[in-house]
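Engineer: Before I ask anything, here is the structure I am working with.
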Amino acid sequence: MTALHPIAIIGTGIAGLSAAQALHAAGHSVQLFDKSRGSGGRMASKRSDGGALDLGAQYFTARDRRFVEVVQQWQARGWVAEWTPSLYNFKNGQLSASPDEQVRWVGSPRMSAITRAMLGALPVHFSCRITEVFRGEQHWHLQDAEGNSHGPFSHVIVATPAPQATTLLSSVPKLAGAAASVAMDPTWAVALAFDTPLESKVEGCFVQDSPLDWLARNRSKPGRDSQLDTWVLHATSQWTKQNLDMSKEDVTEHLLGAFAELIGCTVPAPTFSLAHRWLYARPASAHQWGVLADADLGIYACGDWCLSGRVEGAWLSGQEAARRLLENLQ
Ligand code: FAD
Ligand code: NAI
């Protein structure tokens with residue numbers, strides 16, 4: 001059965017787009033909304049003088065058979081490529097090579113290429129922050145921050161991080177309560193660009209005992225044709241929480257200092273740097289919900305926080321939202 005009205009999807013991260021693609025493929029009309037100017041959410045890439053920088057998700061792994069299959073399709077279409085960095089580990093003050101056999105994927109030529117391709121020509125409202133989701137007699141309606149109403153919709157899928165979902169689910173207290181129970185930790189990200197390449201073999205590094213958690217040589221990812229030697233640094237959740245309101249300049253200075261201490265070569269002043277604070281970077285713990293649903297009312301919530309806090313978990317959660325919605329239409 002096809003719904004009489006379109007299905008609203010709030011959030012054009014990978015979870016929302018995973019659901020949108022599945023519903024569209026099943027013949028349903030969808031309408032997407034995102035508060036940002038483009039799609040991707042935490043898989044977005046920032047344009048800069050050093051080319052596009054992946055400030056959020058760095059790479060992803062595929063372990064579930066369904067996700068492995070879809071990533072193979074994305075690879076065949078040129079949306080993703082395998083990234084094989086020279087991996088290092090920094091522990092007890094020592095930098096050491098830490099190669100492994102894990103297959104790691106990145107969007108090509110930038111992380112945001114995946115969600116952009118998934119969105120295709122689906123109808124979307126960008127720069128549209130939804131503030132309220134409410135049900136009329138039979139259908140759903142959305143209110144945005146500019147005071148505009150959208151609808152009617154047969155169903156709604158909320159595909160935002162848990163704290164934002166809590167507000168949007170307020171008309172269904174059972175779902176709002178579950179979303180409210182999910183704490184999400186922040187991450188400060190800093191990008192650096194150097195005119196002269198650093199004399200280091202490191203292309204990716206898992207870091208312990210430092211304000212940093214991870215660092216990557218952005219330019220080492222396939223398809224990034226930057227003239228500059230670009231790096232992305234991520235602080236630990238703990239350091240970020242302790243320094244949540246620090247100025248971007250001070251965050252950059254601190255994390256650049258931590259980077260220079262561990263990278264094992266001279267680090268000149270960067271040509272440019274930028275800092276970004278991800279307030280809801282990752283769920284503090286994993287859940288096995290898959291999706292939150294009130295099938296009678298026709299409202300669903302999905303996202304990485306409903307499964308593992310990873311790209312794969314977000315995609316699987318979006319699939320689960322679409323599956324449950326379609327099941328209810330039969
Ligand atoms: P999101 O990508 O957050 O999408 C939600 C969307 O909803 C956003 O576009 C947002 O703008 C929109 N939105 C929110 N509120 C509203 C509203 N009120 N109205 C309209 N729109 C709204 N995962 C990995 O697998 N590997 C990694 O290496 C990795 N590294 C990471 C590093 C960082 C710094 C961060 C932040 C995340 C990282 N992740 C990584 C996690 C991964 O990025 C996420 O799990 C995944 O992208 C989440 O997708 P999502 O669709 O659930 O949510
Ligand atoms: P993965 O299998 O590459 O990494 C999982 C974890 O295993 C790593 O965090 C690291 O601790 C360890 N590890 C893996 N390979 C290693 C190696 N060669 N040497 C030393 N340690 C190694 O990828 P998976 O499971 O897909 O995880 C995704 C990554 O995304 C993780 O690193 C996670 O921390 C990161 N992430 C970061 C977020 C943030 O806000 N900074 C949010 C969500 C995920």
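Engineer: For residues that are among the small types (G, A, S), exposed (fewer than 14 other Cβ atoms within 10 Å of the Cβ) and part of a helix (DSSP H, G or I), tally how many sit in the stretch 242-259.
Structural biologist: Final tally of qualifying residues: 1.
Engineer: Determine, yes or no, whether A322 is within 15 Å of ligand 2 (Cβ to nearest atom), of a type outside the set (F, W, Y) and open to solvent by less than 70 Å² (accessible area, probe 1.4 Å).
Structural biologist: The answer is no for A322.
Engineer: Can you say whether R310 is away from ligand 1 (no atom under 16 Å from the Cβ) and either more than 17 Å from I9 (Cβ to Cβ) or open to solvent by 20 Å² or more (accessible area, probe 1.4 Å) (or both), as far as the supplied structure shows?
Structural biologist: Answer is no for this residue.
Engineer: Among the numbered criteria (1) at positive phi; (2) in a helix (DSSP H, G or I), which one does M118 miss?
Structural biologist: Single failed check for M118: (1).
Engineer: A further question on this structure: Provide a single number: the residues in the stretch 80-100 that are outside any strand (DSSP E or B) and of a type in the set (D, E).
Structural biologist: The number of residues fulfilling the criteria is 1.
Engineer: Next question. Limited to the stretch 289-330, what total is found for residues that are under 20 Å from P163 (Cβ atoms) and not basic (K, R)?
Structural biologist: 23
Engineer: What's the total number of residues in the stretch 286-323 that are hydroxyl-bearing (S, T, Y) and free of Cβ contacts under 8 Å to residues at least 60 places away in the same chain?
Structural biologist: Summing the residues that are hydroxyl-bearing (S, T, Y) and free of Cβ contacts under 8 Å to residues at least 60 places away in the same chain in the stretch 286-323 gives 1.
Engineer: For the stretch 170-197, name all the residues that are over 30 Å from S273 (Cα atoms) and surrounded by fewer than 17 Cβ atoms within 10 Å (Cβ to Cβ).
Structural biologist: Listed by number, the residues that qualify are S170, S171, P173, K174, G177, A180, S181.
Engineer: If S108 passes every condition in (1) of a type in the set (S, T, N, Q); (2) within 16 Å of ligand 2 (Cβ to nearest atom); (3) open to solvent by less than 60 Å² (accessible area, probe 1.4 Å) but one, which one does it miss?
Structural biologist: In the conditions (1) of a type in the set (S, T, N, Q); (2) within 16 Å of ligand 2 (Cβ to nearest atom); (3) open to solvent by less than 60 Å² (accessible area, probe 1.4 Å), S108 misses (2) alone.
Engineer: Also, I was wondering about something else. If I ask for residues that are of a type in the set (S, T, Y) and touching a helix residue (DSSP H, G or I) at 6+ places or on another chain (Cβ under 8 Å), which ones from the stretch 285-330 would you list?
Structural biologist: Listed by number, the residues that qualify are Y300, S317.
Engineer: Can you pull out every residue in the stretch 279-307 that is buried (at least 19 other Cβ atoms within 10 Å of the Cβ) and within 14 Å of the chain's Cα centre (by Cα)?
Structural biologist: Selection gives Y280, A281, R282, P283, C302, G303, D304, W305, C306, L307.
Engineer: While we're here: Can you tell me which residues in the stretch 275-319 are away from ligand 2 (no atom under 12 Å from the Cβ), aliphatic (A, V, I, L, M) and within 30 Å of S48 (Cβ to Cβ)?
Structural biologist: A275
Engineer: Is the stretch 19-37 home to any residue that is within 8 Å of ligand 1 (Cβ to nearest atom) and more than 16 Å from H125 (Cβ to Cβ)?
Structural biologist: Checked the stretch 19-37: no residue is within 8 Å of ligand 1 (Cβ to nearest atom) and more than 16 Å from H125 (Cβ to Cβ).
Engineer: Here is a follow-up. Conditions first: (1) in contact with a helix residue (DSSP H, G or I) (Cβ under 8 Å, 6 or more places away or on another chain); (2) part of a loop (DSSP other than H, G, I, E, B); (3) not hydrophobic (A, V, I, L, M, F, W, C). S127 passes all but one, so which condition is the exception?
Structural biologist: (1)
Engineer: Look through P197, P222 and report the one residue that is touching a residue at least 60 places away in the same chain (Cβ under 8 Å), more than 14 Å from ligand 2 (Cβ to nearest atom) and not in a strand (DSSP E or B).
Structural biologist: Unique residue meeting the criteria: P222.
Engineer: If only one of G16, G50, G56 is within 16 Å of ligand 2 (Cβ to nearest atom) and crowded, with 19+ Cβ neighbours inside 10 Å, which one is it?
Structural biologist: Unique residue meeting the criteria: G56.
Engineer: Out of the stretch 25-47, which residues are surrounded by 20 or more Cβ atoms within 10 Å (Cβ to Cβ) and under 24 Å from T230 (Cβ atoms)?
Structural biologist: Across the stretch 25-47, the qualifying residues are S39, G40, G41, R42, M43, A44, S45.
Engineer: Here are P99, P85, P152: which of them is within 16 Å of ligand 2 (Cβ to nearest atom) and either more than 25 Å from L55 (Cα to Cα) or open to solvent by less than 40 Å² (accessible area, probe 1.4 Å) (or both)?
Structural biologist: Within the list P99, P85, P152, the selection yields P85.
Engineer: In addition: Taking the criterion of being touching a Pro at 6+ places or on another chain (Cβ under 6 Å) and within 16 Å of ligand 1 (Cβ to nearest atom), would at least one residue in the stretch 53-75 satisfy it?
Structural biologist: No, the stretch 53-75 contains no residue that is touching a Pro at 6+ places or on another chain (Cβ under 6 Å) and within 16 Å of ligand 1 (Cβ to nearest atom).
Engineer: Another question, then. Output the residues belonging to the stretch 121-130 that are on the phi < 0 side of the Ramachandran plot and open to solvent by 60 Å² or more (accessible area, probe 1.4 Å).
Structural biologist: Once the filter is applied, which keeps residues that are on the phi < 0 side of the Ramachandran plot and open to solvent by 60 Å² or more (accessible area, probe 1.4 Å), the stretch 121-130 yields A121, P123, H125, F126, R129.
The values are calculated or read from the model by the stated rules, or taken from the named source; none is laboratory data. All figures in this text were calculated on a predicted structure; none of them were measured in a lab. Positions of Cβ are generated from backbone atoms using ideal geometry, with glycine treated the same way; all protein chains shown enter the neighbour counts. Side chains included, ligands, DNA and RNA excluded: accessible areas come from the protein's heavy atoms. Shrake-Rupley method; radii C 1.70, N 1.55, O 1.52, S 1.80 Å.
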